[in-house]
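Encoded as structure tokens, the structure appears first; notes follow it.
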Amino acid sequence: MDRIDLDDEQKGYRWETEYEKTWEAIRENEDGLLQPSVNDMIHRAKRKRLTDRKNVRLGMMRHLYIVIDMSQAMVEVDLKPTRIYCTLKIVQLFLNDFFDQNPISQVGIIVTRNKRGEKMIESTGNHTALMDTIKKLMDVNCVGEPSLQNSLEICLHSLKHLPAHTSKEVLVIFGSLTTCDPSDINETIESLVKYNIRVSVIGLAAEVKICSTIAKLTKGTYDVIMDETNCKDLIFNHLNPPPATANSESSLIKMGFPPYMNDGEGKSSMCVCHLSSTVNFSTSGYFCPQCESKYCDLPVECQTCGLTLVSATHLSRSYHHLFPVDLFNETDCTNGEKCFACQIEMTKTSQCGHCHNKFCIECDLFIHENMHLCPGCASKPGIHR
């Protein structure tokens with residue numbers, strides 16, 4: 001059982017300090033309707049997802065380990081159909097968007113059950129291998145208790161040897177209210193802090209003190225979900241690269257940009273990425289410019305010489321995080337006014353400060369989270385943001 005810290009800055013109980021009395025926040029309008037007030041609260045919640053990240057140093061090459069609780073607590077049905085099934089489906093969607101937004105990053109998956117931690121797949125940029133791993137986990141039984149310490153130790157041993165310019169992150173999806181650890185977890189936390197490993201936790205049940213402590217000391221985040229939609233939002237909050245730590249180093253990184261070779265007359269060879277699994281003989285592939293090793297897909301780190309192999313599009317898609325679209329300004333909306341992008345009538349509107357076009361909140365979110373380009377500014381070549 002966790003010891004209660006009487007000097008903790010968070011005084012009182014959760015329901016005394018951070019509980020929002022929604023019945024006081026909702027007000028009837030002049031027609032006696034509550035829906036406009038509810039819509040306004042939803043609008044403000046969506047706007048909170050957009051934060052100004054200008055002049056913020058970001059960790060572009062991310063190494064993320066996702067720790068999934070597969071203890072007995074994950075068979076609960078408060079998330080439909082079960083906690084574990086809902087979690088795995090959201091993680092699948094998360095991985096699709098993660099590699100779209102962070103193509104030169106890598107992800108590994110660890111599960112914890114029966115008081116143990118087990119690495120299901122090493123940190124990799126192979127999206128197909130990660131998706132296959134998630135599908136296999138859907139047939140794995142959730143049993144026993146989780147072990148936060150064992151899981152974090154696995155992450156620590158994998159991440160501490162990485163160079164200082166990389167962003168080392170752990171995302172724990174935790175459904176239990178207990179953790180069974182073999183020794184003092186505080187020593188593990190100290191090691192995580194020493195190697196600049198950021199640990200974020202998403203709780204599926206209720207707040208757990210040790211999870212809050214881990215996230216606070218490692219400069220991560222800790223959230224507890226309210227429902228399935230909120231669970232997806234909290235997990236998707238980790239799509240964007242986090243701010244780099246103050247003591248992280250900057251260094252030049254050697255990369256290779258191999259073209260795709262498809263020589264039908266050449267000799268067939270097996271790619272390096274399939275040496276330990278399915279045999280794949282072909283005459284086509286990406287050949288490392290340094291050692292001539294062949295790979296099926298990019299990006300990848302060459303297993304022979306260690307060179308990072310990417311394409312120009314991968315690098316450009318990672319680069320846009322450094323130059324985010326300026327936040328739009330909330331303005332008044334006249335009756336019948338349509339969104340510049342989707343041409344749907346708006347109830348709430350956001351206006352670009354450069355091209356002065358107005359957008360609905362959904363297009364506002366899509367522009368800042370997916371497009372990373374204002375369509376109004378792009379249609380006027382003379383405008384530079």
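Below are the figures for this structure:
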| quantity | calculated |
| --- | --- |
| Search result, residues across the range 291-316 that are in contact (Cβ under 8 Å) with a residue 24 or more places away in the chain, exposed (fewer than 14 other Cβ atoms within 10 Å of the Cβ) and of a type in the set (Gly, Ala, Ser) | 312 |
| Residue list for the range 291-312, restricted to those being among the β-branched types (Val, Ile, Thr) and in a loop (DSSP other than H, G, I, E, B) | 304, 310 |
| Any hit, the range 205-228, residues being within 14 Å of the chain's Cα centre (by Cα) and among the aromatic types (Phe, Trp, Tyr) | yes |
| Subset tally (residues that are part of a loop (DSSP other than H, G, I, E, B) and under 18 Å from residue 369 (Cβ atoms)) for the range 328-356 | 7 |
| Criterion (modelled with pLDDT of 85 or more and either in contact with a Cys (Cβ under 9 Å, 6 or more places away or on another chain) or of a type outside the set (D, E, K, R) (or both)) met by exactly one of 345, 337 | 345 |
| Matching option when the condition is closer than 29 Å to residue 80 by Cβ, in the same structural domain as residue 89 (by TED's automatic domain parsing) and assigned to a helix (DSSP H, G or I), among 179, 229, 188, 213 | 229 |
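Matching residues to (1) at pLDDT below 75; (2) of a type outside the set (Val, Ile, Thr); (3) closer than 19 Å to residue 254 by Cα:
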{"position": "289", "(1), (2), (3)": "no, yes, yes"}
{"position": "293", "(1), (2), (3)": "no, yes, yes"}
{"position": "299", "(1), (2), (3)": "no, yes, yes"}
{"position": "321", "(1), (2), (3)": "yes, yes, no"}
{"position": "333", "(1), (2), (3)": "no, yes, no"}
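Every residue, every condition in (1) more than 12 Å from the chain's Cα centre (by Cα); (2) modelled with pLDDT of 90 or more, yes or no:
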position	(1), (2)
63	no, yes
70	yes, yes
73	yes, yes
84	yes, yes
87	yes, yes
104	yes, no
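The values are calculated or read from the model by the stated rules, or taken from the named source; none is laboratory data. For clarity, every value in this text was computed on a predicted model and none was experimentally measured. Note that we place each Cβ from the backbone using ideal geometry, even for glycine, and neighbour counts take in every protein chain shown.
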